[in-house]
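Following: one structure in structure tokens, then a few remarks.
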Amino acid sequence: MSRKRASTRRDVLKRTGMAVAGATLVVGTSAAQSANGKLVFTYDDGPVKDYTHAYQRAHREEGVPGCAAVPSASVGTERRLSAEQLRTLEADGWEIMSHSVHHRALGAMSVTEDVAPDDRKLYVESNLHGELEGDQLVVDDGSQSATVTVAGKGSDENGEFLTLDSAVGKSFAASDGVTERYTDEVIRTSLGESRTQLEEYGVTVTNMVMPYGAYGPRTRELAGEYYTAVANGGLAIGGRGQLHRPKDVTLPHLSRAMFRKGKMTETELGAFLDGVADNNALGILGGHSWHERLPPSRIRTAIRMAKDRNIDIVTLRDAISSFGLAGSGTTRTTRTTGTRSAGTGTTDDGLEAGRQGTTADESTTAAETGQPGFGWLTAVAGVGGVAALRRRLGE
């Protein structure tokens, strides 16, 4: 769509009274203040298929927006969204969201084997933190910690491991609940620089999807400083696939359900959408447009099912605005830097089954996080599920 056409659409929407939030338009299936709830579609990883498939062959045909969660370092690289495509999406009503800088898994990982002071290898539940040589990690058991630098990764008969550029320097017993996580500097860079870099392409960024749904205690504390909402913070409110009534939401952490084939049946999708409509709630659907089980036809089906229920399909920014929600952290529409004081936040969303990329005390309950609980509507059985971390699906 040309910028002239996009501008015309924006002018028409203003004249007809439809809401405009920043550069994002509420292009829904009914009036912006519908009593049938709001639905947000989010797509991860920034592949070019977000444009050629999700946008051109589904959302644009149906006249509704979506949200593209983009690792900022990937923009303009092979088979990834270009800066021009980001601007075109936003001009036609889409929201551009952060997906970190390099798609790092920002949660804590359990250390699975004892560590000796002279070890230069850490056995871990997943070696995702070994993706980028030179990244610094904190190894911690709650009473002592050591900072180490990544040299690589691998796996053997004992499991996945990280290699280090020097010895750990301290002893740790895996039975003490040892974890490793990125240092504050790496986490802050992943959160703040992603937004800064994306906004340099001429788009507005206020919300985020965490890569792999990975959280740790420190990530929870920092997320609200940089973003109004995190679309996949499900465990903070009792699990994934939850729906949100405005009066019950405490930002930044929200929950979404993955709606590709194999994660959600059409019956389950219908039940999820019924919950949105019947409770005038906010529902978030997530997916990967590059995945063969989420073709444009599947997306169009979900959109049409929402239309049949008179649900407004909007961006996350517009949903937050229309519901009058406010974040617990610093909500900003200008660029961030990486030098803020610690804030507060809650949560986690799924990594591998049974682990979630956290230690036991990180999987906070609704009561512990100050969320009012969602007994009014439990998650739809089978909706969302847990993304297998080793399948590298970006959730």
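The values are calculated or read from the model by the stated rules, or taken from the named source; none is laboratory data. Only a predicted model underlies this, so the values are computations on that prediction, with no experimental measurement involved. Here Cβ is always computed from backbone atoms with ideal geometry, including for glycine, and neighbour counts include all displayed protein chains. For accessibility, only protein heavy atoms count, side chains too; no ligands or nucleic acids. Shrake-Rupley method; radii C 1.70, N 1.55, O 1.52, S 1.80 Å.
Reported count of residues in the range 168-189, each being in a helix (DSSP H, G or I) and over 21 Å from the mean Cα position of the chain (by Cα), is 3. Among the residues of the range 188-202, those that are in contact with a helix residue (DSSP H, G or I) (Cβ under 7 Å, 6 or more places away or on another chain), surrounded by 24 or more Cβ atoms within 10 Å (Cβ to Cβ) and under 17 Å from residue 215 (Cβ atoms) comprise 191, 194. Of all residues in the range 47-86, exactly one satisfies the criterion of being assigned to a helix (DSSP H, G or I), under 16 Å from residue 290 (Cβ atoms), of a type in the set (D, E, K, R) and in contact with a helix residue (DSSP H, G or I) (Cβ under 7 Å, 6 or more places away or on another chain), namely 57. Scanning the range 116-141 for residues that are within 16 Å of residue 183 (Cβ to Cβ) and of a type in the set (D, E, K, R) yields 131, 133, 135, 140. Suppose the filter is in contact with a helix residue (DSSP H, G or I) (Cβ under 9 Å, 6 or more places away or on another chain), part of a helix (DSSP H, G or I), open to solvent by 10 Å² or more (accessible area, probe 1.4 Å) and not acidic (Asp, Glu); does residue 261 pass it? No, not satisfied. Between 325, 285, 251, the distinction of being within 20 Å of residue 232 (Cβ to Cβ) and at pLDDT 95 or above belongs to 285 only. For the range 265-300, the tally of residues that are in a helix (DSSP H, G or I) and open to solvent by 50 Å² or more (accessible area, probe 1.4 Å) stands at 6. For the structure I just gave you, tell me whether residue 236 is at pLDDT below 95, buried (at least 24 other Cβ atoms within 10 Å of the Cβ) and assigned to a helix (DSSP H, G or I). The answer is yes for residue 236. Residues in the range 171-185 that are surrounded by fewer than 22 Cβ atoms within 10 Å (Cβ to Cβ) and not small (Gly, Ala, Ser): 176, 183, 184, 185.
Set side by side, the residues 39, 89 differ, and just one is touching a residue at least 12 places away in the same chain (Cβ under 8 Å) and in a strand (DSSP E or B), which is 39.
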